[in-house]
Structure formats: C-alpha cells, structure tokens
Amino acid sequence: MDKKTWIVIAICVLGIIGLEVYNQNTFRKAQIEYAKQQAAQKAAEEAARPDPATVAEASPSPNAALATESTPAPTPPPIEQQFALESRVLQNDLLRANVTNRGGGISGISLKKHEAEGGEPVTLDRDTEIPVAAISESPNPQDLPNFEIVESRNDSVHMRHITADKIQIDRIIRLPALEGLRDEYRLEIETQMTNLGDQTYRSGLLYFHVGSAAPIHEKDLPIHTALDFRQEGDVTQIDVNWFEPFKIPLLGFQTRERRPSFKEEGGMMDWVGVKNQFFTTIAIPREFKGESVYGQQLRLEMGEDPNRPWLGIESAMGLPSMTIAPGETVDMTFDIYAGPKEYRRLKELGSNTDEIMRMGWFKPISLTLLWGMNSLNALFHNYAIAIIVLTLIIKLALYPVQNKAMKSMRKMSVLAPKMKEMREKYKDDPVTANQETMKLYKDYGVNPFGSCLPMLLQIPIFFGFYTMLGSAVELRNSGFLWVEDLSQPDTLMRIAGFPINILPIIMGGTMVWQMAISPKTGDVAQQRIMMLMPLMFLAFCYNYASGLALYWTTQNLFSIVQLYLTRNEPLPTLTKVQKKPAEPLPASGTNSKKKKKKRVRTRP
C-alpha cells in the first residue's frame, strides 16, 4: 500500500474512535441531565407536601363542626367493593405467572429456562405498576380496582369485580393445555361483563394493558426495545428512541422536542406487543380487533450506575366500545404470549406474530441460516461450532463461483501492465481511456466484474446473519473461548471509556490479510476503495453480537486458505479471443428459402 492509502485508513480509524467517544460523551451528558431532572422533580414533590403545622391550623374547630352539623352533607359516590391484595401463581415447566387481584391481571411473568443477571430467571413486565391484562378507562391509570378471587385452581384463577354501574366483571386467567410449542408460553385471558342493573350500559374507550419491556442486560441494543403492532396487514415498530428529542450529530442542533407518548387510532389491530432484544409480550384479541394502541417510554434506574437511565416501554390496546343491555353478558378473550422471540413458537401462535422479529427483506435468508444453525447445534451442542460449520458449508456451496472469480482476478492481474500502459497513453482523455479499457477486456475475454460476484453473494448472507442474530434468543448466554455471550459484544476491557472488543478487531485483521494476498485488480482508486471495506465491516460489527464477527472472521480464514492453495498455480496466459467470421449477406434479389410449388388440382 502507498502512503495515501495508509493516510486514508488512519483517518477512518480515528473517525471510528472519535465517533465512539462522541457517543459516550453525549450519553454521559444525557445521564447528568436525567439526574438533574430527577432531583428537581423530587424537590418539587417535597415542596408540594403540606406542612403538618399548617394542616393543623387549617383544621376546623369543634365549634365550626357543630355549626355545620345541621347542614346536609353531599351524598358520597357509591363505594366500590374493596378487597385485600392477594395473588396466585400459575406455572408450567417454562413459565411462572403471578396473578394479582389488583386490576385482575398479571403482575410479573418469569421464564424459568432463561437466566438474567445474577442467575435469576428473566422476568417480563416487571417495570410497570399496571398489571398485564388489566382493563381501565385510561391508558395510564392512577388507580385500579381490586377483584375478589372467586376460585383458584392449578391451571386457572377466577376473579370478580362489581362496579358502581352494577357491571359485574368476571376474569378467568388460565394456562392452556400443552398441545404445541405455542402453548408453552401462552396464557388465556377471558373477560365476561354482565349488566346487573336495569339500565343499558354503554362503555367509553377502554384499554387492555399489554405490559412493559426493558433491556435485560446493559449491552442489549436499545433499538430492539420497542412497541410493535399489526394493523391491516402492516407491522409498525416504535422503539424507545422515538420519544427522545432529536439532535443533529456533532452540530448539536435540536430539531424535535421530546414526545411524551405515542397513540395510533383507526382500528383493525390484530395484535399489540412490547419487546426487548430477545423477549416479548404480545396481546392477541380473539374474534375482534383492537381500536387503537397507546405507548409511552419508561426511564428506569437500573444497572450499576444509578444516574444512568435504562429506557423501557409500556403499551395498551384500545378496545371497541360496548353496549350491554340489562341482564346481557359480553365475552372477550385474549391470548397473551410472554416468552422468547423464537420463530417456531411465534409462527405457531398465528396472526403473523412472527413479524415482531422484524427480519425484513432478508427474512428467507435469515430463516434458512437460523434453521441451519439450530440443526448444527443439535448435533454439536455448541452454537459457536455450529456457526463455524455453517460457514464452512456456505463456503463449499459458493466454491465454484469463488474459484471462477479467483481465475478472473488472476487473469486481471496479468492484464494489469497492458492496462497501465494504455492509461498512460490516454491519461489526458478519460473517455477514450475507458473505451479502450473495455475493448481490452473484450479482446482478451476478461470479465472485470467477475471478481466482485462472490462478495455480492456474501453480502446478503452477512445481512441475513445480522438480522437473525439481532433478535434470535438461541445465542444468548452461549460462550466461546473468551466470549461469554455470543449475542453480545465480547468486550474485554475499556480504555478511557472505549470498549476493546477482540473478535471484530481480529475480523478486520483477517480482511486486511485476505486483501494483501489477493491478486491486485482494477486501478489504484478502486484498490483504495476496497481497502476501506475492513474498516466499514469493523464499524458495522464492533458493538454488535460477537456471533456475527465470528461468522465473518471464519469466512475470511477459509478464503485465506483457499487463496494460499491457488497462489502457487501458474499464471494464465493472455490470448486474444478468436472472433467468429461474419456470415456473408445474401445476394440482392434472391430468396434464402426455396419456394414451394403449388399443386393445382383438376377435376376429372
């Protein structure tokens, strides 16, 4: 490489480091600002509290009470039934749901087979005070009614509440019979509303609370913590950063204020779900559609740094309005899926809930890779080995194409002196230089794009891995050598706040090694552009799942072995392509086809 190439590489490396440092400083400023806001809010709450002495002075005297004794007091509103807080547990081998009579919902769902920090089971919907499946008149209620637990069994809990309008609400939360993968993390929520009064009841807009989601680990990508809903066949995602004010990077100009909440109306909601990178809670109504969806961001004081806010999200689905005649009962049933984002389970769940994994354009490739990785893991019982073997299989499948591309690159390297000579000849006439270059390729039968085909085939596979590993829970807590978790960056240490991730650095080094031993093709400008590829991939993979860097590093090593195996083969000889002689044109006035003679029939 020449001096200019090294300068470009150095600038790009410094740019990557500078961007990471900028992001760290920006996040630290956000932490400080958040701490200030919390302190100001706490001070305001303290100031708003009445002084006990002032309250005593403002209390009416006994004489005043006697003076007003004859005045009729206003009629208090009907007092709804109140019961002590109780809870029951519904569980199977994979799931444990804590059913509470507060709001008649579920106050936490633990996943027994998935570990969080400290070895504790992953618990979903832990970060909101509103239970999952609670129904209220507000998307963000301040208080919820208490239900009476009527009956409790091993697989179901029946609760009841009677409102001031004489509407009896019966809620039955049950674990379904295990008939497939979809049932292992599923709960059924049945709600029966019976009008006990003598007047028709008309409900306003009611909300079914879906729950909340937040990162499980501090390295989880925040963009995957989001609210998703499917409306009229289309899935929309609102991640936690949607609520944040937007500033132009580096310049710092704010172009958008903070959004307090999200609301989408218009009906036809097939399902609403909240998710983090690897787990999700989805509410699916049966035999009817939701009318709207509501979401708001949660700022959670979690992790080692109390001033560092973790961003979560909670959501609720708007229900259709109801009219219940006296003595009539209206029944609504929901399915709640609370578990890992495993494609097979979500696919069996129906209603296109698998689209919450957001695989996009690369979904067919991602699903094929996911199937291959899981199949190989079932054989080797190690996801790292599964990724390495899967990479080898892909490499062998692409070997014919890559071998052909290698021959094209070697022929290009032999043709390079003639191309250099031609460019020097027409250095003042770029148009003629390009025309002569293409003529040179044609004369010697060289395809200038042949060497690019393997990379074009590898890019969709790379992004298929990227999409799949972004939400596939299979790699979570799977280790390899020094890597503790293949679903997270393999950070060994931090220097001045900058994370040192080993696998992406090795990946970038193998890309440079591969380019160094590859035959040189194209002009100098093209070679410099190709030298930027390792830096682009390094920036792309540096803070992503280390499983992606493992795949690309393994792919590079196999390519390097292939290059060394073909390196000592003799260089091809340049021979011009023999042109076929042009066929002579037919003489004028003659026909190339013989005319058929017409038979004339005569009558006897």
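Observations on the structure shown:
- Computed packing ranks the peptides 289-299, 189-199, 95-105 as 95-105, 289-299, 189-199, most packed first, by mean other Cβ atoms within 10 Å.
- For PHE540 and LYS219, a Förster radius of 22 Å and the Cβ-Cβ distance give a FRET efficiency of 0.85, rounded to the nearest 0.05.
- Contour excess over end-to-end distance, with Cα ends at LYS289 and ARG153 and 0.36 nm allotted per residue: 46.0 nm
- Taking 7 Å steps out from each Cα toward its Cβ at SER321 and LYS404 produces label points 6.5 nm apart.
- Evaluating 6.51 cos²θ - 1.76 cosθ + 1.60 at θ = phi - 60° for every residue in the range 456-472, the Karplus couplings come out as 5, 6, 6, 4, x, 5, 4, 6, x, 5, 4, 5, 5, 6, x, 9, 6 Hz, glycine and proline recorded as x.
- Shape call, the range 177-276: gyration tensor on alpha carbons, a/c limit 1.5: oblate
- Nearest-0.05 FRET efficiency for GLU115 and THR491, computed from C-beta distance (R0 22 Å): 0.70
- Overall form of the range 457-511: oblate. Here a/c, set by the Cα gyration tensor axes a ≥ b ≥ c, is 1.5 or more, and a/b is not larger than b/c.
- Pairs over the 24 Å Cα-Cα cut-off, from the set LYS113/LYS347; LYS404/LYS442; LYS395/LYS420: LYS395/LYS420.
- Cα gyration tensor shape for the range 330-371, rounded if a/c is under 1.5, else prolate or oblate: prolate
- Percentage relative contact order, the range 87-358, counting C-alpha pairs under 8 Å, at least six apart: 19 percent
- Above-threshold pairs, the threshold being 32 Å between Cα atoms, out of LYS166/LYS289; LYS112/LYS363; LYS363/LYS411: LYS363/LYS411
- Positive minus negative residues near ASN140 (Lys, Arg vs Asp, Glu; Cβ under 15 Å): -2
- Neighbour-count ranking [beta-carbon atoms within 10 angstrom, fewest first] of GLU314, GLU355, GLU137: GLU137, GLU355, GLU314
- Order of MET269, MET419, MET533 under a 10 Å beta carbon neighbour criterion, fewest first: MET533, MET419, MET269
- For the pair GLN562 and TRP361 in one chain, pulling the backbone fully straight at 0.36 nm per residue adds 69.3 nm over the alpha carbon distance.
- If the chain linking ARG259 and HIS381 were pulled fully straight, counting 0.36 nm for each residue of separation and taking away their Cα-Cα distance, it would gain 39.3 nm.
Each value in this text was obtained by applying a stated rule to the coordinates, not by laboratory testing. Bear in mind that the values here come from a model prediction, so they are computed numbers and not experimental data. Neighbour counts are summed over all protein chains in view; Cβ atoms, including those assigned to glycine, are modelled from backbone coordinates with ideal geometry.
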